[in-house]
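Beneath this line is the structure, given in structure tokens, with notes to follow.
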Amino acid sequence: MPVPPGRYLRGYTLDPGFSTRLDTMGINEITYQIRWEENLLKGPCGAYFEVIDVDPASNCFYDPVDLNDIEVLATNGLSPSEGNPKFHQQFVYLAAMRTLDHFEKSLGRKIIWSRRKVVKITGPKKRKQVTYHYVDKLRLYPHAFRDANAYYTTDKKAVLFGYFEAAKKVQGSNLPGGVIFSCLSPDIVAHEVTHAILDSIHPRFTENTNPDVAAFHEAFADIVALLQRFTIPSLVESQISATRGNLEEFSFLGELATQFGNALQNSRGALRGAIGKVGPDNIWRKYTPDPQLYQSVFEPHERGAILVATIFDGFLRLYNVQTADLIRIATNGTGVLQPGAIHPDLVHRLAATACDIAERLLHICIRALDYCPPLDINFGDYLRALITADVDVSPKDVNGYRIALIEAFRSWGIFPDRVNTLSIESLCWDKPNQRNPELNANEKKILKYVAQFLKGKVGEILDLSTLEANNREQIYNASQKLQAQLHDLLVSKYRAFFSPEAWSGFLKKIGLTDEVVKFTYNGEKFQSEGPPPIEVYKVRPVYRVSREDILVEQVLITLTQTFSIRGGTLDGAKFRGGSTLILNISKDYDVEYIIYKNILSDHRFKYQMDYQQGVNPAFIALNDSLYEDGSGFGAINFANLHFHSVT
Amino acid sequence: MQIFIFILLLKKSIMPKGLTVTVRMFQVGELGDCFLLHFVNDEQESHVLIDCGSFRNSDSSKKRLEKIVGYIRKELKDKKLDLVVGTHQHNDHLSGFVHCAGLFQGIVDQVWLSWLDDPKDTMAKKISSDQQNLVGLMETLNKKLNSLNLSGAHPAVKDILGFYSIDEDSDVPVIPAKGIANLKTLGANPVVYLSPGQQPTLPGMPPELVKVYVLGPPRNQSMLFDKDPKKTETYDPTLALAGQSAGKLISALDNLDTHSDKREEEQFPFNKIFSKRPSHADKDILKIYNNPLQSWRTIESEWLDQADRLALYLDSFTNNSSLVLAFELVQSGKVLLFAADAQTGNWLSWENIRWEKEKADFKTYNLIENTVLYKVGHHASHNATLPKALEAMQHEELVAMIPVDKKDPNITKKNGWKMPAKNLYKRLKEKTGYRVLRMDDGFADECGLTDKKNTWKKLPFKPIIDKKNLFIEYTVQG
């Protein structure tokens, strides 16, 4: 028997509250299609996620759903119901799998959750011993606690969803005093799972080294949640019909987690509006691009909202351009649609365009992650990653996705550092042979040597990656092995082939060093004890198909190096450098990109320390606790980041 | 000739020229605020007391406050306290007005409180009752955590409640409320309740010499636009939600020690028929959840972290309700900033204040830039001084006073409070040119008169430490 092409499960498109309103009930429940997982156990527990429905605050468990029950399969899953915990489990699984699917498709590889770090203090000398472990499944706890919150915790490799009592006052369509479950919001599930996936790709993006880092995590999760909404045709059609094709008007599509937001006793609408918000006079207005905001707004959610608005701006530009011809046809050139409802065929075509753009844009946004530096991300870097990733995979840029993005970033005032124009060529990351200063002949030889070394060893992972079966643990183990070998090469084994000077110069070109690291900060000298340890975080092959039907095969490598500061006024701080290397398999492992952050950069060191010490006025402490020092040295804690101080 | 010049110079250095303000930070022996300001300009003068309290209510705390207030009374002789300010309802700012109520009788002319204490302000009344409600709930929560032996892992609840000094029997924060009640009756004149944007006249000093600006607590403007203010409506949604959350947390705690038969739990979150006690739960799920190799992923206590968050929220809320005053010495433009315990939210609201007596182009940050005396917020915890504002303080005579006592048990205990916060402390020293004064040590480290980096010599007046009468004094030249 062939494996079914998909598993069909019913669920919400927007928050559950919309199911009890006449104008939205028809669009709020649809049948989704996700991949068919073999051996999906009760819970549901699959290969990537395990849903464990324990409710510690109520001191109880809820029985798990078995999605392979014949009655459940026959009706495309359980019927959507806020009062049935089994439906909650089904929905959380479904929404998580949808998000996962988008990522695996865009990234061209299987998602492997970020490793678990275990620190043991052993022996009489109290030495720190660090080990890393593979994590097979992400845990989803649909009813973890009683609060208006949901968060991903990297310590437990789990997403905890809260539930709470709605406001006593009548707000939106909430039952006053009724229960709101964050696990039933497709946006919230998508948002949290995105945090987990982003953490698996770039674990250093939780380090608060500049004002954009925390904002980026939040923004990226919102972008995925928002664009995913636009990939549901029936929903988009209904909204296009309601707004007569003008997406810039208020529509539920532009809000996130409406029911959640309404329930917080705040009649300001959804939790985060991407394209606008309800002002103090209760009138909804679209955000107008304001380049000043990026210079002046630093609170992570607000700053992240700028990035979300920017991407959404790009989306709107593309939509307007690509539907211009349809409008011309429908209006015989006048551009003015007839009053009243627009023709259903037109609605259908407009919606199809919107959905198509959303899906492609979502994939561009996700793919760009592979073209980001491994740490200290900022919005300008992300723009460059977006452009470079897209150029790689769609050289012709049919339909102007790149231009739309550049225009959007420009209008919101986000500009990358050290780029002299906003042209596509300038924005793309430099290829090694375009760099200034160029790699010299020796360095080019070394680069080729490293590439050929990898070519010899990456075969096992390549073979495993092409198999459909669930072999992620094997891929992980093979990668770990290869990472160790590459590490040895970088640190010692090169000596058989190259001189130390040549090697030193080469390392600098990829943002690393084999010398002692020295900085002077405010007149105080800081120095590492020896060359900081190099870490090979990732070696993965990647297969992608572009929107121009080009097959791209690459190997991604992430290298980082850490200078841990001991003593002096900066004791406890960590300064890192490193790079993302992208090798093209079809071009004989040619190193196409070196996207780096230099560990020897004085400028970056000063900026980070100023920021983390609170000297830079942009620094806003991520929590208000009097137990905290207020320094930025700690990692970002998502639970605290999410705790709502909705004002 | 030389003698003449000498006498002239001597006269110049002894006689205060024009307006001066002498600020005395009293050493209350633990965390607490008590500041006496003495404005003098030839014949005119004004005595201002901003807060009087310490963290605890033990006999020794009371005795200490009595000594301090006794000294103030003696120093005044037959003069009055022209102005007494109570900034917000925390024990460490108001306990003196309860324990030394007798000593304050008859010597106070005018009392200023924030609009949140105004009995005629409907918004204020609602907020106040919601806040009291939350404090009461937190106390119940604290008791439950204690009875279940869970408080050890959640110290914030107990710590924060310390600021309210709860009565054992009634669960009501007695001292702070009583302090405000006393303040309302102490003054010879009716109490004035202040809102941001107001510029009240300083009793005893004409506005041509000293101007007072009220910066906080903010009135959340968006709340004023609520569509249909019904009787039951709350004006602060987050506060009300916090109250609800606390309530639900308490009933969750009930679930732990009895199989709750409470009506609230019958349908929350699901109909009771769905709940399966751990002993009756699905075997396969239990196997996964209880697997010892996966024990690092269980979530038995996460839901209780909410208790800490609620406690910190309550603390921030009360701190943000601080009355913040800036005193401007008109001729020189120098500003004394008393920010009580205002936290980030309060500070952020200052930028957009519209001043009742200033032109439209006047910016609050004009005041910040000219600060010469900054009373550091909340004993120099990290979130009570906005970095942007601190960086904006540009005046070359800037001095900071921190009412912190490093021996306070809340600081010295394990995982204690970070006061003064490391980075903030360092930055304060840098911004003031190493002119930082502390309630416990007098001169902060590296800031003494003989220390290398200090710059006290640039200022006309040097700080004075009076160990007998328990204060640290610094005078600002107007």
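Just name the residue that is farthest from A:TYR543 (Cα to Cα) out of those in the range A:565-611 that are at pLDDT 90 or above and among the polar types (S, T, N, Q). Of everything passing the filter in the range A:565-611, A:GLN608 is farthest from A:TYR543 (Cα to Cα). Listed by first and then second residue, the pairs with beta-carbon distance under 9 Å, at least 6 apart or on different chains, first residue in the range A:332-344 and open to solvent by 100 Å² or more (accessible area, probe 1.4 Å), second of a type in the set (S, T, N, Q), are A:GLN338/A:THR331. Residues of the range A:292-304 that are assigned to a loop (DSSP other than H, G, I, E, B) and either at pLDDT below 85 or open to solvent by less than 60 Å² (accessible area, probe 1.4 Å) (or both): A:VAL297, A:PHE298, A:GLU299. Looking at the structure I just gave you, is A:ARG360 basic (Lys, Arg), open to solvent by 20 Å² or more (accessible area, probe 1.4 Å) and within 30 Å of A:LEU559 (Cα to Cα)? When the stated conditions are applied, A:ARG360 passes them.
Can you find a residue that is touching a helix residue (DSSP H, G or I) at 6+ places or on another chain (Cβ under 6 Å) and more than 11 Å from chain B (Cβ to nearest Cβ) anywhere in the range A:70-79?
Scanning the range A:70-79, I find at least one residue that is touching a helix residue (DSSP H, G or I) at 6+ places or on another chain (Cβ under 6 Å) and more than 11 Å from chain B (Cβ to nearest Cβ), so the answer is yes.
Being in contact (Cβ under 8 Å) with a residue 12 or more places away in the chain and surrounded by fewer than 18 Cβ atoms within 10 Å (Cβ to Cβ) is a property that does not hold for A:GLY380.
Among the numbered conditions (1) within 30 Å of A:ILE565 (Cβ to Cβ); (2) surrounded by fewer than 16 Cβ atoms within 10 Å (Cβ to Cβ); (3) of a type in the set (Ser, Thr, Tyr), the only one that A:TYR449 does not meet is (1). Screening A:LEU100 on (1) modelled with pLDDT of 95 or more; (2) facing chain B (nearest Cβ under 10 Å); (3) not in a loop (DSSP other than H, G, I, E, B) shows it passes everything except condition (2).
Across the range A:107-161, what is the total count of residues that are hydroxyl-bearing (Ser, Thr, Tyr) and more than 19 Å from A:PRO203 (Cβ to Cβ)? The qualifying residues number 2. Within the range A:212-250, being assigned to a helix (DSSP H, G or I), over 17 Å from the mean Cα position of the chain (by Cα) and of a type outside the set (D, E, K, R) holds for A:PRO233, A:SER234, A:LEU235, A:VAL236, A:SER238, A:GLN239, A:ILE240, A:SER241, A:ALA242. Scanning the range B:462-478 for residues that are part of a loop (DSSP other than H, G, I, E, B) and either touching a residue at least 24 places away in the same chain (Cβ under 8 Å) or open to solvent by less than 50 Å² (accessible area, probe 1.4 Å) (or both) yields B:PRO463, B:ASN469, B:LEU470, B:GLY478. Would the range B:173-185 turn up any residue that is out of contact with any Cys (no Cβ under 9 Å at 6 or more places or on another chain), at pLDDT below 80, within 14 Å of chain A (Cβ to nearest Cβ) and open to solvent by less than 50 Å² (accessible area, probe 1.4 Å)? No, the range B:173-185 contains no residue that is out of contact with any Cys (no Cβ under 9 Å at 6 or more places or on another chain), at pLDDT below 80, within 14 Å of chain A (Cβ to nearest Cβ) and open to solvent by less than 50 Å² (accessible area, probe 1.4 Å). For the range B:421-440, the criterion of being within 13 Å of another protein chain (Cβ to nearest Cβ), part of a loop (DSSP other than H, G, I, E, B) and surrounded by 18 or more Cβ atoms within 10 Å (Cβ to Cβ) is satisfied by at least one residue. Taking the range A:40-69 as the range and being open to solvent by 50 Å² or more (accessible area, probe 1.4 Å) and away from chain B (no Cβ under 13 Å) as the test, the residues that pass are A:ASN68, A:ASP69. Just one of the listed residues (A:ILE582, A:ILE565) is under 21 Å from the mean Cα position of the chain (by Cα) and either farther than 18 Å from A:LEU447 by Cβ or buried (at least 22 other Cβ atoms within 10 Å of the Cβ) (or both), and it is A:ILE582. Would you mind stating whether A:ALA324 is in contact with a Phe, Trp or Tyr (Cβ under 7 Å, 6 or more places away or on another chain), of a type in the set (Gly, Ala, Ser), in a helix (DSSP H, G or I) and modelled with pLDDT of 85 or more? Judged against the criteria, A:ALA324 is not a match.
From B:LEU348, B:LEU367, which residue is in contact with a strand residue (DSSP E or B) (Cβ under 8 Å, 6 or more places away or on another chain) and either aliphatic (A, V, I, L, M) or open to solvent by 10 Å² or more (accessible area, probe 1.4 Å) (or both)? Break it down into steps so the answer makes sense when it comes.
Working: B:LEU348 fails: in contact with a strand residue (DSSP E or B) (Cβ under 8 Å, 6 or more places away or on another chain).
Sole residue among the options that is in contact with a strand residue (DSSP E or B) (Cβ under 8 Å, 6 or more places away or on another chain) and either aliphatic (A, V, I, L, M) or open to solvent by 10 Å² or more (accessible area, probe 1.4 Å) (or both): B:LEU367.
For the range A:387-404, the condition of being out of contact with any Pro (no Cβ under 8 Å at 6 or more places or on another chain), assigned to a loop (DSSP other than H, G, I, E, B), open to solvent by 10 Å² or more (accessible area, probe 1.4 Å) and without any contact (Cβ under 8 Å) to a residue 60 or more places away in the chain holds for at least one residue. Have a look at B:ASP284, B:ASP254, B:ASP361, B:ASP341 and point out the one that is of a type outside the set (Val, Ile, Thr) and under 21 Å from B:ALA153 (Cα atoms). Criteria check complete, one pass: B:ASP254.
Considering the range B:198-237, and only residues there that are within 10 Å of chain A (Cβ to nearest Cβ) and crowded, with 21+ Cβ neighbours inside 10 Å, the residue that is modelled with the highest pLDDT turns out to be B:PRO218.
Counting only helices (runs of 4 or more DSSP H) that sit wholly inside the range B:282-367, those with at least 1 residues that are at pLDDT below 85 and among the β-branched types (Val, Ile, Thr) are B:344-348. With respect to the conditions (1) part of a helix (DSSP H, G or I); (2) in contact (Cβ under 8 Å) with a residue 24 or more places away in the chain; (3) charged (D, E, K, R), A:ASP356 lacks only one, and its number is (2).
Within the range A:411-428, track down each residue that is in a helix (DSSP H, G or I) and more than 22 Å from the chain's Cα centre (by Cα). First the steps, then the outcome.
Filtering the range A:411-428 down to residues in a helix (DSSP H, G or I) leaves A:411, A:424-427.
Once the filter is applied, which keeps residues that are in a helix (DSSP H, G or I) and more than 22 Å from the chain's Cα centre (by Cα), the range A:411-428 yields A:SER411, A:ILE424, A:GLU425, A:SER426.
For the range B:380-403, the set of residues classified as open to solvent by 10 Å² or more (accessible area, probe 1.4 Å) and assigned to a loop (DSSP other than H, G, I, E, B) consists of B:LEU386, B:GLN394, B:HIS395, B:GLU396, B:GLU397, listed by residue number. Exactly one residue out of A:GLY83, A:GLY17 is modelled with pLDDT under 95 and either surrounded by 16 or more Cβ atoms within 10 Å (Cβ to Cβ) or touching a strand residue (DSSP E or B) at 6+ places or on another chain (Cβ under 6 Å) (or both): that is A:GLY17. When the residues of the range B:262-287 are filtered to those that are open to solvent by 50 Å² or more (accessible area, probe 1.4 Å) and hydrophobic (A, V, I, L, M, F, W, C), which remaining residue is nearest to A:ALA158 (Cα to Cα)? My answer is B:PHE274.
Inside the range B:299-308, residues that are facing chain A (nearest Cβ under 8 Å) and open to solvent by less than 30 Å² (accessible area, probe 1.4 Å) make up a count of 4.
The values are calculated or read from the model by the stated rules, or taken from the named source; none is laboratory data. Keep in mind that this is a model prediction, so the values were computed, not measured. Virtual Cβ from ideal backbone geometry, glycine too; neighbours counted across all protein chains shown. SASA here: full protein model, heavy atoms, side chains in, ligands and nucleic acids out. Shrake-Rupley method; radii C 1.70, N 1.55, O 1.52, S 1.80 Å.
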